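The values are calculated or read from the model by the stated rules, or taken from the named source; none is laboratory data. These numbers come from a predicted model, not from an experiment. Cβ atoms come from the backbone with ideal geometry, glycine included; neighbour counts cover every protein chain shown. The protein model used for the area step is the full one, side chains on, heavy atoms only, and it has no ligands, DNA or RNA in it. Shrake-Rupley method; radii C 1.70, N 1.55, O 1.52, S 1.80 Å.
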Amino acid sequence: METTTEHEKPDHGICDEATALQVANEGAQLCEEGDYEGAVSKLSAALTKLTELHGEASPKLAAIYLEYGIALLREHQATQDILNPDAAVLEEEEKKTSDAEGGDEEKEGTFEKLMEENPLCLAYSVVTAAKEHFKTMPDRVDRYILCHNVLGEILHEMNNFELSAACYAEAVQLLTDPADELKKATALGCQAMALRYGEKIPEAKEVCERALAILKKDETANADRIGAIQALLEDCDTDFNQVHEEAKNATIGTHSVGTSSKPSNAPVNVLQPRKKRKVDETKPTA
């Protein structure tokens, strides 16, 4: 799996593992500060060296894969690229990653070409790789959940709303700690947004109601979030009524005149403010 794009060439003076980890930490910090291009460059260079040392399948790379995927996603969002990759390609790449059993063989074929054409495909691939590693680390369930949320956001950007909603749904199922109820409500909100974009209106409304049930336990503290979910519910009602009106008009040979209320804004950012941390903090479990 190639981890660089053609415009990301500098090696940032990396000569060994220690400097690679230092550059990776610098890249993660740049991402938090909003310098996504710089973050992508540093994380890419760090991964190039670390994959040479440990192989692409090493669990030691999980945290950096995740940081790199987030940086690629944020860079894409900052430049407001509109890209629509084939969902079938994404599913095939996920299957390849999930089926891998050790080894560090180079993945060849169409993905390198896709990566050059669409950095979001690369983001999807590296976050999927991170997810598979964190899945085996019981002490890093938080990172495993974050991978699902980030994948949901990447897929939403790719207009693959069905898979996006599925990723958020998995995150919701994993958030079982009562202390994570707010995170669960946020993931439910993102799932509802994906369902609405995917024109699954009844399902979107049901998920909205689940999010509201959590948020209304503290209406004062969650007022803004409640307002956002209620606005989404209203949009769902508008979509539902419009669909029925169009169906009614079609039966009498007329066409309704109007525009869809589907918003053009990006999905809610499910990434919570992250504490500064070293990206090499993840260690493979025995």
Next on the checklist: Looking at segment 215-229 only, could you name the residues that are without any contact (Cβ under 8 Å) to a residue 40 or more places away in the chain, open to solvent by less than 60 Å² (accessible area, probe 1.4 Å) and under 17 Å from residue 179 (Cβ atoms)?
Outcome noted: 215
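Residues are listed down the side, and each one gets a yes or a no for (1) modelled with pLDDT of 50 or more; (2) closer than 25 Å to residue 154 by Cα:
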| residue | (1), (2) |
| --- | --- |
| 211 | yes, yes |
| 247 | yes, no |
| 255 | no, no |
| 278 | yes, yes |
| 285 | no, no |
Next on the checklist: Among the residues that make up segment 192-214, is at least one of them surrounded by 13 or more Cβ atoms within 10 Å (Cβ to Cβ), touching a Gly at 6+ places or on another chain (Cβ under 9 Å) and free of Cβ contacts under 8 Å to residues at least 24 places away in the same chain?
Outcome noted: yes
Checklist outcome for this item: Within segment 42-64, residues of a type outside the set (A, V, I, L, M), in a helix (DSSP H, G or I) and open to solvent by less than 20 Å² (accessible area, probe 1.4 Å) come out as 44
Next on the checklist: Tell me whether segment 145-154 contains one or more residues that are over 11 Å from the mean Cα position of the chain (by Cα) and open to solvent by less than 20 Å² (accessible area, probe 1.4 Å).
Outcome noted: no
Item to check | Selection status of residue 158, within 12 Å of the chain's Cα centre (by Cα) and surrounded by fewer than 24 Cβ atoms within 10 Å (Cβ to Cβ) | outcome: yes
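Rundown of residues vs (1) in contact (Cβ under 8 Å) with a residue 60 or more places away in the chain; (2) among the hydroxyl-bearing types (Ser, Thr, Tyr); (3) in contact with a Lys or Arg (Cβ under 8 Å, 6 or more places away or on another chain), yes/no style:
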{"residue": "125", "(1), (2), (3)": "yes, yes, no"}
{"residue": "129", "(1), (2), (3)": "yes, no, no"}
{"residue": "132", "(1), (2), (3)": "no, no, no"}
{"residue": "137", "(1), (2), (3)": "yes, no, yes"}
{"residue": "160", "(1), (2), (3)": "yes, no, no"}
{"residue": "167", "(1), (2), (3)": "no, no, no"}
{"residue": "179", "(1), (2), (3)": "no, no, no"}
{"residue": "185", "(1), (2), (3)": "no, no, yes"}
{"residue": "189", "(1), (2), (3)": "yes, no, yes"}
Next on the checklist: Regarding segment 136-151, can at least one residue be identified that is at pLDDT 95 or above, hydroxyl-bearing (Ser, Thr, Tyr) and over 30 Å from residue 16 (Cβ atoms)?
Outcome noted: no
Next on the checklist: Looking at (1) part of a helix (DSSP H, G or I); (2) within 21 Å of residue 163 (Cα to Cα); (3) not aromatic (Phe, Trp, Tyr), which one does residue 199 not meet, given that it meets all the others?
Outcome noted: (1)
